[in-house]
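Just below is one structure, and these are the notes that go with it.
The values are calculated or read from the model by the stated rules, or taken from the named source; none is laboratory data. Model, not experiment: these values are computed from the prediction. With ideal geometry, Cβ positions are generated from the backbone for all residues, glycine too; neighbour counts draw on all protein chains shown.
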Amino acid sequence: MKKIYAFESKCLGCGLCEVYCKTAHSKSKNIIKAHKQEDITSAIVIEEILQPPEAVSYFALQCRHCASPKCVKACISGAMYKDEKGIVRNDKERCVGCLSCVLVCPFGAVKKSGDKKAVSKCDLCVDYGQPLCIENCPNNAIKLLNEDEAEALK
C-alpha cells in the first residue's frame, strides 16, 4: 500500500497542505467558505523544528496508516477501522468522541475535530483519487509512495 511520506528537506512550512486538506473535507468544498464559515480540522499538520543556531525546518505530520494500528484497537465504538485497501478510516457517525485513538496514536496524527463530536485523521482523500495535500504542495515535499520508493529517496 502506498503511504504519504513527508520530506523535511523540501518543506517550506507554507501550510498549503493544511488548507487543501480542510477544503477537501469541508461541506462546501470551497476554499474561502471552508476556512471562514466551517469548523474543519486539518488531517495534516505542519510541525516546526527549531535547530540551533536559529535555523528552522518544517515537516508535514499525518496518519501513517499503520500495519497494526493502535487507534483501531483502542476504538471502543468500532468507528476506527482499516478498510480493504489498508487505509485506516474513521466513521464519524459511529465515533463517540472518547478520544482513545488520540491517546494511543504514536505519531500524534489523530486529533479531536473542530466540532468536538468526532476525531479527524488523514483518509488519503479517497474521494479524490489522490491526496490533495500532495497535489497542491508547491515544493513536492509530500509524496505518495510505497516503502521501497520511500527508502530509495532517503
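Here are the numbers:
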quantity: Condition check for Glu151: under 15 Å from the mean Cα position of the chain (by Cα) and acidic (Asp, Glu); calculated: no
quantity: Leu99 vs. criteria out of contact with any His (no Cβ under 6 Å at 6 or more places or on another chain) and either modelled with pLDDT of 95 or more or over 22 Å from Cys14 (Cβ atoms) (or both); calculated: yes
quantity: Strands (runs of 3 or more DSSP E) contained in the range 45-145 and holding at least 1 residues small (Gly, Ala, Ser); calculated: 55-61
quantity: Test: residue in the range 26-39 that is in contact with a Cys (Cβ under 7 Å, 6 or more places away or on another chain) and surrounded by 17 or more Cβ atoms within 10 Å (Cβ to Cβ); calculated: no
quantity: Residue in the range 77-88 that is touching a strand residue (DSSP E or B) at 6+ places or on another chain (Cβ under 8 Å) and either loosely packed, with under 14 Cβ neighbours inside 10 Å or assigned by TED's automatic domain parsing to the domain that holds Lys22 (or both) present; calculated: yes
quantity: Of all residues in the range 12-25 being in a loop (DSSP other than H, G, I, E, B) and of a type outside the set (A, V, I, L, M), the one that is surrounded by the most Cβ atoms within 10 Å (Cβ to Cβ); calculated: His25
quantity: The range 29-57, residues that are in contact (Cβ under 8 Å) with a residue 40 or more places away in the chain, out of contact with any strand residue (DSSP E or B) (no Cβ under 7 Å at 6 or more places or on another chain) and among the aliphatic types (A, V, I, L, M); calculated: Ile40
quantity: Hits in the range 16-50 - residues which are out of contact with any Asp or Glu (no Cβ under 9 Å at 6 or more places or on another chain) and aliphatic (A, V, I, L, M); calculated: Leu16, Val19, Ile31, Ile32, Ala34, Leu50
quantity: Condition check for Ala74: over 22 Å from Leu132 (Cα atoms), outside the structural domain of Cys137 (by TED's automatic domain parsing) and touching a Lys or Arg at 6+ places or on another chain (Cβ under 7 Å); calculated: no
quantity: Matching residues, the range 58-85, being of a type in the set (Asp, Glu) and in contact (Cβ under 8 Å) with a residue 12 or more places away in the chain; calculated: none
